[in-house]
Amino acid sequence: GISFVNKDTGWVGGTTGGVPFLWKTTNAGVNWTINSTLTGRGKVFFLKYKVNGEYIGWSQDPPNMYKTTNSGNTWFQIMDIAAASQIYFIDENTGWAATGDNVRKTTNGGINWAQHFLPTDYGVGINQMKIFKLVNKDTLYGDFGLRDFPNGQARGIIWVSTNGGVNWGFKQPDTIISKRFRGIDFVNKDTGWSSWIRTNDGGGQIIITRIN
């Protein structure tokens with residue numbers, strides 16, 4: 001994991017001798033100091049603005065999750081979740097984590113997380129998500145799902161939520177591409193890209209929305 005809050009200050013996770021480490025730089029990566037030996041093997045995310053004069057951040061040593069409210073000087077453990085392929089916070093309270101067949105959401109800074117599963121209806125064969133893109137607090141898009149079709153065919157799908165990640169459906173791109181889409185980015189609710197595809201109308205109809 002790696003997260004920078006500006007051009008100079010950032011954190012990167014890793015291991016040394018099997019022990020998790022989190023390092024911090026304040027000079028654009030020229031020098032690094034040890035910031036934590038509790039966490040670092042998973043994703044790292046820091047808000048890019050200060051709260052009460054300090055940066056707030058989250059870091060994983062899966063399945064354990066840790067949080068700092070003082071720019072990484074000290075870390076404390078919060079609710080454990082599965083190893084996340086992505087962590088993102090919109091502010092100091094509301095955040096999401098992609099954890100396989102579900103998306104976790106918190107509204108209290110990561111102290112507690114609700115689990116919202118991806119659908120398996122309408123022929124979905126692989127209901128997994130690796131990366132998601134937050135368009136606004138309500139609209140999220142995600143990658144990596146796969147839908148089964150007759151004669152052994154399968155096509156990639158794009159996950160979508162319109163209520164902040166609580167309920168999820170999917171969109172079927174108008175393509176015969178059989179591979180899972182990997183990576184996703186949107187500049188607004190209509191215009192976005194994934195591997196091999198792009199959309200200017202939000203990707204069309206939501207096929208199903210799972211009620212969690």
query = Just checking, how many residues over region 155-179 are open to solvent by 20 Å² or more (accessible area, probe 1.4 Å) and of a type in the set (Gly, Ala, Ser)?
reply = 1
message = For region 116-138, which positions are open to solvent by 20 Å² or more (accessible area, probe 1.4 Å) and not in a strand (DSSP E or B)?
response = Thr120, Asp121, Tyr122, Gly123, Asn127, Gln128, Lys130, Ile131, Val135, Asn136, Lys137, Asp138
note = From the option list Lys43, Lys50, single residue qualifying as basic (Lys, Arg) and touching a strand residue (DSSP E or B) at 6+ places or on another chain (Cβ under 7 Å) is Lys43
inquiry  = Condition check: assigned to a strand (DSSP E or B), over 23 Å from Ile207 (Cβ atoms) and either of a type outside the set (D, E, K, R) or modelled with pLDDT of 95 or more (or both). Does Ile157 satisfy that?
reply    = no
note = Residue hits (region 1-33; buried (at least 17 other Cβ atoms within 10 Å of the Cβ) and under 22 Å from Asp80 (Cβ atoms)) are Gly1, Ser3, Trp11, Gly13, Pro20, Phe21, Leu22
message = Going residue by residue through region 151-170, is there one that turns out to be at positive phi, polar (S, T, N, Q) and out of contact with any helix residue (DSSP H, G or I) (no Cβ under 8 Å at 6 or more places or on another chain)?
response = yes
ask   = Where residues in region 11-48 are free of Cβ contacts under 8 Å to residues at least 24 places away in the same chain and not in a loop (DSSP other than H, G, I, E, B), which of them is farthest from Gly95 (Cα to Cα)?
value = Thr16
key: Search result, residues across region 95-140 that are free of Cβ contacts under 8 Å to residues at least 60 places away in the same chain and aromatic (Phe, Trp, Tyr)   = Trp113, Phe132
message = Being open to solvent by less than 60 Å² (accessible area, probe 1.4 Å) and under 24 Å from Gly165 (Cβ atoms): is that true of Ser36 here?
response = no
query = How about region 66-94: which of its residues are in contact (Cβ under 8 Å) with a residue 12 or more places away in the chain, outside any loop (DSSP other than H, G, I, E, B) and more than 14 Å from the chain's Cα centre (by Cα)?
reply = Tyr66, Lys67, Thr68, Gln77, Ile78
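The values are calculated or read from the model by the stated rules, or taken from the named source; none is laboratory data. Here the structure is a predicted model, which is why all the values come from computation and not from measurement. Cβ sites come from the backbone with ideal geometry, for glycine too, and all protein chains shown count toward neighbours. The protein model used for the area step is the full one, side chains on, heavy atoms only, and it has no ligands, DNA or RNA in it. Shrake-Rupley method; radii C 1.70, N 1.55, O 1.52, S 1.80 Å.
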